[in-house]
Structure formats: structure tokens, C-alpha cells
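Novice: First the structure, then my questions, so here it is.
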Amino acid sequence: MMKKTDNSILVIFGASGDLTFRKLIPAVYHLFKGNFLPKNFAVLGVSRTAMNDEEFRNKVVFENKELTKKVPDSDKEGLKAFADKIHYISIDTQSEPDYAKLKSRLEEVDQKYNTEGNYIFYLSTPPSLYEIIPRNLAAHGLSDQSRSWRRLIVEKPFGYSLATARELNKKLLTCFKEDQIYRIDHYLGKETVQNLLVTRFSNGIFEPLWNRNYVQHIEITAAELVGVEKRGGYYETSGALRDMVQNHLLMVMAITAMEPPVVASSNAIRNEIVKVFQSLRPMTKEDIHHNVVRGQYTSSTIKGERIKGYREEEGVNPNSKTETYVAMKFYIDNWRWAGVPFYIRTGKKLPTRVTEIVVHFKNTPHHLFAYNENIQKMNNELIIRIQPDEGILLKFGMKIPGAGFNVKTVNMDFHYSDLTDAYVPEAYERLLLDAIQGDSTLYARGDAVEAAWEFCDPILQEWESNPHVKLYGYPAGTWGPSAADKLMADEKLTWRYPCKNLTDEDKFCEL
Ligand code: BG6
């Protein structure tokens with residue numbers, strides 16, 4: 001079914017913030033260049049800083065390096081046409097009367113562009129404003145859909161705990177209806193995360209094996225090369241569990257583990273995601289001590305250069321106990337996954353940037369041939385590489401030519417970069433277009449966010465209340481604390497240490 005791209009205005013709150021420059025404006029530009037935007041479209045930036053339209057356009061378009069570095073000189077004309085669609089208004093978003101100004105500016109832009117009163121409000125502000133802005137919008141009739149549609153995109157973090165996420169959902173629902181609310185998780189906008197659905201449900205060969213009878217364990221890694229950069233202040237209130245696990249990693253896990261939906265509709269898919277979260281085995285205090293490892297990067301020297309430890313970063317408490325690394329083992333208690341351990345890990349200042357899912361299949365029931373390698377390594381693995389080099393790889397055993405029956409592991413792989421039309425859109429491009437088209441499939445539903453919090457909350461509470469829970473240091477540039485290896489070693493397993501490039505055998509491994 002063709003989706004309808006209605007004429008509309010994208011209203012960005014927090015317009016002078018980092019996300020607007022780095023992600024949102026570049027994403028809208030690429031949609032504009034690709035002719036994906038509706039015929040009549042405009043952007044209205046909103047924030048406190050006093051600026052006029054021209055100043056805002058200069059800031060977010062012409063002087064925005066994140067955007068201009070991707071625009072060839074031949075397209076500079078197009079940049080001007082794009083910038084003309086961008087407008088700005090300065091208001092105090094906390095002050096309800098100021099929304100009258102916003103409303104009349106919106107009406108003016110709406111008339112100029114003939115956008116039929118359809119507005120998307122994007123909350124790219126500090127989370128303290130997530131309740132206030134929707135309330136003020138509603139007070140001025142800006143959530144009312146009797147004549148046009150109104151949608152609200154809410155950035156992460158969605159809540160700080162289960163209680164605050166519930167509270168936020170409750171408050172939002174007094175101003176907007178659930179089907180107007182789009183909770184963004186940009187990992188769902190990544191091409192290979194969506195491809196996982198296609199790989200699983202459009203091929204006959206994977207799904208029959210995708211269960212406890214054939215899968216030994218599943219491993220998900222989201223490694224980052226960078227540290228906290230300039231976000232120390234925010235990160236101190238978050239930590240890796242809130243920043244990466246509660247949202248991105250659990251979502252990727254849910255897409256990996258979900259049952260086939262009945263149809264490819266938003267609610268059918270999102271129902272299956274929620275069921276996975278509901279089936280997560282809750283962690284007892286004992287599980288938290290044994291099956292969850294938290295770490296924090298310490299200073300180190302890489303190639304002669306001294307790298308700062310987390311506690312030395314700007315905005316970070318010198319005695320901080322905030323985790324920059326988490327690894328955990330858990331189970332999904334349902335028919336498909338009973339007894340299959342799931343391992344996930346994420347961390348900052350690891351040796352490379354890579355996100356991947358590895359499905360480890362069980363060994364053959366009987367070993368006929370002599371293996372040159374460790375039997376463990378001979379298990380078939382399906383590796384779904386989410387970034388940086390998107391693709392998919394299957395490892396299997398093959399006979400070494402010549403005498404005897406010697407077996408070695410070989411790879412069957414597909415890289416997105418091999419496609420002739422290899423443009424892989426950025427997550428924000430896909431997600432913004434979906435919101436313009438009213439498709440919420442790749443946005444988190446309120447009940448899913450709460451269910452994911454329900455799983456994470458006891459871990460955070462135990463960490464906060466029990467001073468005996470260990471926080472391991474790991475030197476910046478290493479693969480995290482060795483305690484994480486123990487999680488796997490208990491089952492005689494090891495983590496896959498992924499390179500930057502998807503294929504590593506018989507070739508060099510670039511980190
Ligand atoms: C964000 C986190 O949600 O995701 C960041 O707040 C993290 O800390 C980022 O660096 C990772 O996203 P990506 O797309 O670079 O993997």
C-alpha cells in the first residue's frame with residue numbers, strides 16, 4: 001500500500017540544540033533532495049534564543065558543517081531552495097501565554113505554504129520539558145485533530161525509571177492520544193534493524209531454525225569508540241543502562257526474538273515487540289550480582305597518546321560511579337526461547353565502533369570429521385551487522401580440498417555496499433518520513449517503553465541502593481572488564497570480538 005505523504009509543517013522544539021544540527025536538519029535535507037517530502041512543506045524551529053529566519057537558516061543550513069560536508073558544490077543552489085522552507089520563532093517554551101505567538105506564526109506559515117494545518121511537533125529539548133510543551137500545545141488547541149492531524153515526536157530519554165516513564169506516558173496521554181505520539185528510538189530507523197524483519201520473515205530457511213531447538217545462544221554487541229565527549233553532564237544522570245540498554249539494545253533484541261506478526265502493520269508488529277518484553281525473566285537480586293556486569297573506562301595510553309578516564313571528563317564527578325559499560329545475560333521465558341541465554345553488551349571507549357547481532361546455532365549432534373579448530377568455533381553463526389558496514393554473514397564448515405576430511409569455517413556474506421544503489425538512509429531520515437506519513441511501526445509504543453523499564457528498573461535500584469555491587473574499571477580502548485568474559489565462560493562460551501569490518505577470516509582485521 002502506498003503511504004500518503006500529507007502536506008505538513010515540522011515544528012522543532014530545541015531548534016538551537018545539537019540534535020537539530022547534527023541529525024534533524026540533514027535528515028530533512030536528504031528527504032528534500034530525494035523528493036520524499038510532501039509537495040507543500042515547511043520547518044519551524046522553536047527555542048528561546050532570539051534569532052530571525054535568516055539567522056536561523058545560516059546557523060542550521062549554510063554554516064552547518066554536518067550538512068554542508070555532505071552536499072556537493074553542484075547542489076549549493078538546492079541548499080538555498082531548501083533553506084527557504086525553514087523558519088524560526090523564539091518563545092519561552094515554559095510559558096503558556098507564549099504559545100499564542102507560536103500558534104499565530106504557525107497559521108501564517110501554514111497559509112503561506114498551504115500545509116493544511118497538519119503539524120508535527122518534535123521535542124528535541126531537555127526531558128524536563130517533555131511534559132510542559134505538550135500541555136501548553138494542548139492548551140492552545142494545537143493537539144486538536146478535528147480539522148487536520150497533529151503528531152508529537154518525543155526524543156529519548158523517555159523517563160528516568162519505570163515510575164517516571166509511567167508518569168510521562170500518563171501526562172502525555174492527557175494532551176495527545178496514543179496514536180498521535182511517536183516515541184523515537186533511532187535504532188529502529190537503522191536499515192539493518194529493519195532488514196532483520198525481512199531476513200526472518202521473507203525467507204523460508206531461517207525461521208524454522210530460529211528457536212530453542214537449533215539456537216544455542218544469541219549475542220548482541222553495541223560497541224562505541226567514542227567516550228562521553230561533551231555530554232558528561234547528561235551522562236552522569238544516565239549511564240549505559242539507561243542510555244543504550246533500556247531502549248536501543250532491548251529493541252534490537254525484541255526484533256531478533258519476536259514472533260512473526262500476523263500482518264505487517266504498526267500494531268501487529270508492536271504487539272509482538274511488547275510480548276517479548278513481557279516474557280523477559282525478571283532479574284532477582286542474585287541475578288543482578290551474577291549476570292550483570294557494569295564497568296567504567298579508566299585512563300590509558302593508546303599509540304603513545306594518553307586517553308582520559310571517565311572520571312576526568314568534563315562535567316563528570318571525579319568519584320563518579322556511573323557505568324559506561326554494561327554486559328548482561330538473561331532469558332526470555334516463552335516457548336520459542338526457553339533455556340536459550342541472551343547476552344548483550346555495550347560500552348564507550350571500546351576498541352572500535354560496531355553493532356551486531358550474532359545468532360549462534362547448536363553444534364551437530366555427532367562429530368564425523370576431524371576439526372582443525374576448536375569444535376566450539378565450528379558452530380554455525382549468523383551475524384547481522386548493523387553498523388558500520390551493514391550486512392549479513394553466515395559461517396559454516398567446508399572441506400579443505402585434498403586428502404582426508406578436514407573442515408574449516410568459511411563465510412557467506414552480503415554487504416549493503418555491494419548494491420548498485422547503495423545509498424543507506426540515515427535512521428532519522430526514515431523515521432521522520434514515517435512520522436510525516438503517519439506510520440508508527442518503527443516508533444516505541446507506550447506499553448513497550450514501560451515493559452522495557454520494568455526489566456531495567458530492579459537493576460538500577462540494586463546498583464543505587466547496594467554499595468557492594470561492583471563497578472569494574474577497564475582501560476579505555478579495551479573490550480571492557482574481564483568479569484564480562486566470566487558471564488560467558490560459565491557456559492563455556494566466549495564473546496565474539498568483532499572487527500570494524502564484517503568479514504575477518506583470512507583477511508586483515510581493522511580496528
Ligand atoms: C544515543 C546515546 O542514543 O545513541 C549515545 O545517547 C550513543 O550515547 C548513541 O552514542 C549511539 O548511536 P549510534 O547511532 O551512533 O550507534
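The values are calculated or read from the model by the stated rules, or taken from the named source; none is laboratory data. Remember, it's a predicted structure, so these values are computed and weren't measured experimentally. Note: ideal-geometry Cβ built from the backbone for every residue, glycine included; neighbour counts use all protein chains shown. These accessible areas exclude ligands, DNA and RNA; they are computed on the full protein's heavy atoms, side chains included. Shrake-Rupley method; radii C 1.70, N 1.55, O 1.52, S 1.80 Å.
Novice: Mind checking which aspartates and glutamates have their Cα closer than 19 Å to the Cα of K80? Skip sequence neighbours fewer than 8 apart in that chain.
Specialist: D53, E54, E55, E63, E66
Novice: If you count, for each residue, the other Cβ atoms within 10 Å and average over each peptide, how do 270-278, 117-125, 64-72 line up from highest to lowest?
Specialist: Top of the packing list down: 117-125, 270-278, 64-72.
Novice: Can you tell me how much longer the chain between R147 and K3 gets when fully stretched, taken as 0.36 nm per residue apart minus their C-alpha distance, in nm with one decimal?
Specialist: Length gained, R147 through K3: 49.8 nm.
Novice: Please report, as a whole percent, how much of the solvent-accessible surface of region 34-162 comes from carbon and sulfur atoms (probe radius 1.4 Å).
Specialist: 48 percent
Novice: Quick one: which of K23/K170; K23/K156; K285/K349; K190/K303; K303/K470; K395/K500 span more than 24 angstrom between C-alpha atoms?
Specialist: Long pairs (Cα-Cα over 24 Å): K23/K170; K285/K349; K190/K303; K303/K470.
Novice: Right, another one. Would you compute the Debye intensity of region 325-473 from its alpha-carbon atoms alone, equal scatterers and no solvent, and pass along log10 I(q)/I(0) at q = 0.09 Å⁻¹ to two decimals?
Specialist: The Cα Debye sum returns log10 ratios of -0.51.
Novice: So what are the ³J(HN,Hα) numbers for region 118-132, from phi and the Karplus equation (6.51, -1.76, 1.60; θ = phi - 60°), rounded to whole Hz, Gly and Pro as x?
Specialist: Each residue of region 118-132 in turn: 8, 10, 10, 9, 9, 8, 10, 10, x, x, 4, 9, 4, 8, 5 Hz.
Novice: Ignoring ligands, DNA and RNA, what percent of the 1.4 Å accessible area of region 385-506 is carbon and sulfur?
Specialist: 56 percent
Novice: Between R135 and E178, what is 0.36 nm times their sequence separation minus the Cα-Cα distance? Round to one decimal in nm.
Specialist: Stretched out fully, the R135 to E178 stretch lengthens by 14.0 nm.
Novice: Tell me, in nm to one decimal, what length is gained between D75 and N267 on full extension, where the rule is 0.36 nm per residue of separation less the Cα-Cα distance?
Specialist: Extra length from D75 to N267 when fully extended: 65.2 nm.
Novice: Can you give the accessible area of H366, probe radius 1.4 Å, in Å² rounded to 10?
Specialist: 130 Å²
Novice: Further question: In whole Hz, what ³J(HN,Hα) sequence does region 461-469 give by Karplus (6.51, -1.76, 1.60; θ = phi - 60°), x for Gly and Pro?
Specialist: In residue order, the calculated couplings are 5, 5, 4, 6, 9, 10, x, 7, 5 Hz.
Novice: Per the 1.4 Å probe, what fraction of the accessible area of region 276-379, in percent, lies on carbon and sulfur atoms?
Specialist: Of the solvent-accessible surface of region 276-379, carbon and sulfur hold 52 percent.
Novice: Now for a separate question. Whose amide H sits under 5 Å from the amide H of I386, counting only residues 5 or more places off or on another chain, with H placed in the peptide plane?
Specialist: T355, E356, I357
Novice: Can you order the peptides 209-216, 307-314 by their average number of other Cβ atoms within 10 Å per residue, highest first?
Specialist: 307-314, 209-216
Novice: Here's another thing I want to ask about it. Suppose all protein chains stay in the model; what accessible area per residue would a 1.4 Å probe give for the chain, in Å²?
Specialist: Here the per-residue accessible area is 45 Å².
Novice: Something else now. Express in Å², to the nearest 10, the accessible area of T93 obtained by rolling a 1.4 Å probe over the protein heavy atoms while all chains stay in place.
Specialist: Taking all protein chains as shown, T93 has close to 20 Å².
Novice: Cysteines without a disulfide-compatible partner in the chain, using Cβ under 4.7 Å as the rule?
Specialist: If one checks each Cβ against the other cysteines of the chain, C175, C456 turn up with nothing under 4.7 Å.
Novice: When N is the residue count of the chain, what does its C-alpha Rg come to as a fraction of 2.2 N^0.38 Å?
Specialist: Rounded to two decimals, the normalised Rg is 1.03.
Novice: Sticking with this structure for a sec: Placing +1 on the Cβ of each Lys and Arg and -1 on the Cβ of each Asp and Glu in the chain, which of V252, Y99, F36 has its Cα farthest towards the positive end of the resulting dipole?
Specialist: V252
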